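So the structure is just underneath, and the comments pick up after that.
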Amino acid sequence: MTDKPIYVTQPALPPLEEFIPYLQQIWDNKILTNCGPFHQQLEQALADYLGVKYISLFANATLALVTALQALRITGDVITTPYSFVATAHSLKWNGIRPIFVDIDPKTCNLDPAAIEAAITPQTTAIMPVHVYGTPCDVDAIERIAENYNLKVIYDAAHAFGCKVNGKSLCSFGDISVVSFHATKVFNTFEGGAIICQDAKTKAHIDHLKNFGFVDETTVVAAGINGKMSEINAAFGMLQLKHVDAAIAKRAQVNKFYTERLRFVRGISLLQDNRNHDSNYSYFPILVEADYPISRDDLYNKFREQNIMARRYFYPLISEFPMYRGLPSANAGLLPNAKEISSRVLCLPLHPNLEDAELERIMSVIIACAKKHQHKRAARN
Ligand SMILES: Cc1ncc(COP(=O)(O)O)c(C=O)c1O
């Protein structure tokens, strides 16, 4: 009999009975969408929780990214990272913007500020960095570059819910930050996302854009989209918010377990660096180095054989997908760090429901591969 599957992530769900009163309220007031009472409550509650002023809820983060670019009227070329989930670059493409991929800093997996600066041309209008795994980008350097060259900054902060740098919410940087509340994220509303911006005028514009451009019953000011979060998602968010600190605390324990157990495994190096920021422990990436006895893909397959779904985030690079690979900036020779990390990275399962026995199962695969192959090596020598 095969063991129960262990997924790279699994949503944290509150007890079902806790959700019933929220549903009852929706049934009573019969407002299902269109920025109703739960939508408004969740905007306020998230602004308080995240320590930001202006937040606008969306049906998902991809729509929020597309809308953020519209709100700032971005055109031309935008510098971004190849080391992310495809939605980052897709949001540019949906706006007719050309992504310019530049290399990452191998220590953080985030855009390298020097590479950003070197790629700026007269066509560059903005930078779209990603706080990959919730690790902060070099926000100070990016701000300096943006100021010097008069560029907008739209952070894809899909992974960064609840992360802080020097006590400040990581979602509060740039002209705009976008967070995801997808089922796989630390804070989920089944599907969902939000734009965080810096002033009331921009928030009002974003609120119009996500509602077809409507300002009032008869006034449409832009070719907007339907990006609104529904009441059921917002109500669920209100409930989830009560549990999110406990979920992050459980994630921190798993993070600690892996860190302690893997620190001394030869050939496995850890990417997670929580020294300078408050992490949300959303992912646990490891790098399978050349001195580990088997390759990253072989280890990935060994996990699969044991019904453990570790994932190669992020492989392939976005710049390798067919709709981007013809771009001059997609040339792998220009992206050596991203290419190298992408070929070595493996994200281990990390979610609040993981049990000790499951963590031991995961560790035993890594240790067994290390030992078995070392024996083989020794026998050959
Ligand atoms: C970096 C990044 N950007 C954008 C998205 C898109 O978010 P959503 O699924 O909420 O549209 C995701 C993941 O889902 C992501 O990981």
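Observations, loosely collected:
- Qualifying residue in the stretch 341-354 (condition: out of contact with any strand residue (DSSP E or B) (no Cβ under 9 Å at 6 or more places or on another chain) and of a type in the set (D, E, K, R)): no
- Any hit, the stretch 29-43, residues being under 28 Å from PHE314 (Cβ atoms) and of a type outside the set (A, V, I, L, M, F, W, C): no
- Residue within the stretch 90-103 that is in contact with a Phe, Trp or Tyr (Cβ under 9 Å, 6 or more places away or on another chain) and aliphatic (A, V, I, L, M) present: no
- A search for C-beta distances below 9 Å between a residue of the stretch 93-112 that is outside any loop (DSSP other than H, G, I, E, B) and any residue that is modelled with pLDDT of 95 or more and acidic (Asp, Glu), counting only pairs 6+ apart in sequence or on different chains, returns ARG98/ASP77; PRO99/ASP77; ILE100/ASP77; ILE104/ASP112; LEU111/ASP103; LEU111/ASP105; LEU111/ASP138.
- The combined condition, being touching a residue at least 40 places away in the same chain (Cβ under 8 Å), crowded, with 20+ Cβ neighbours inside 10 Å and more than 10 Å from the ligand (Cβ to nearest atom), is fulfilled by VAL186.
- Number of positions in the stretch 113-148 that are touching a residue at least 60 places away in the same chain (Cβ under 8 Å), in a loop (DSSP other than H, G, I, E, B) and either under 20 Å from GLU320 (Cβ atoms) or of a type in the set (A, V, I, L, M) (or both): 0
- Residue count, the stretch 290-326 (criterion: polar (S, T, N, Q) and in a loop (DSSP other than H, G, I, E, B)): 3
- Note on the stretch 218-258: residues that are within 14 Å of CYS35 (Cβ to Cβ) and either crowded, with 17+ Cβ neighbours inside 10 Å or out of contact with any Lys or Arg (no Cβ under 8 Å at 6 or more places or on another chain) (or both) amount to 11.
- Of all residues in the stretch 68-78, those being within 14 Å of the ligand (Cβ to nearest atom) and either part of a loop (DSSP other than H, G, I, E, B) or touching a helix residue (DSSP H, G or I) at 6+ places or on another chain (Cβ under 7 Å) (or both) number 1.
- Criterion violated by ASN148 - all others in (1) in contact with a helix residue (DSSP H, G or I) (Cβ under 6 Å, 6 or more places away or on another chain); (2) on the phi < 0 side of the Ramachandran plot satisfied: (1)
- Residue count for the stretch 39-67, restricted to those that are surrounded by fewer than 23 Cβ atoms within 10 Å (Cβ to Cβ), of a type in the set (Gly, Ala, Ser), in contact with a Lys or Arg (Cβ under 7 Å, 6 or more places away or on another chain) and not in a helix (DSSP H, G or I): 1
- Residue pairs whose Cβ atoms lie under 6 Å apart, sitting 6 or more positions apart in sequence or on different chains, and linking a residue in the stretch 327-348 that is in a helix (DSSP H, G or I) to a partner that is small (Gly, Ala, Ser) and surrounded by fewer than 20 Cβ atoms within 10 Å (Cβ to Cβ), are LYS339/ALA332.
- Scanning the stretch 143-162 for residues that are within 16 Å of the ligand (Cβ to nearest atom) and under 18 Å from CYS197 (Cβ atoms) turns up VAL153, ILE154, TYR155, ASP156, ALA157, ALA158, ALA160, PHE161.
The values are calculated or read from the model by the stated rules, or taken from the named source; none is laboratory data. Computed from a prediction, not measured in an experiment: that's the story for all the values here. Note that each Cβ is placed from the backbone with ideal geometry, even for glycine, and that neighbours are counted across all protein chains shown.
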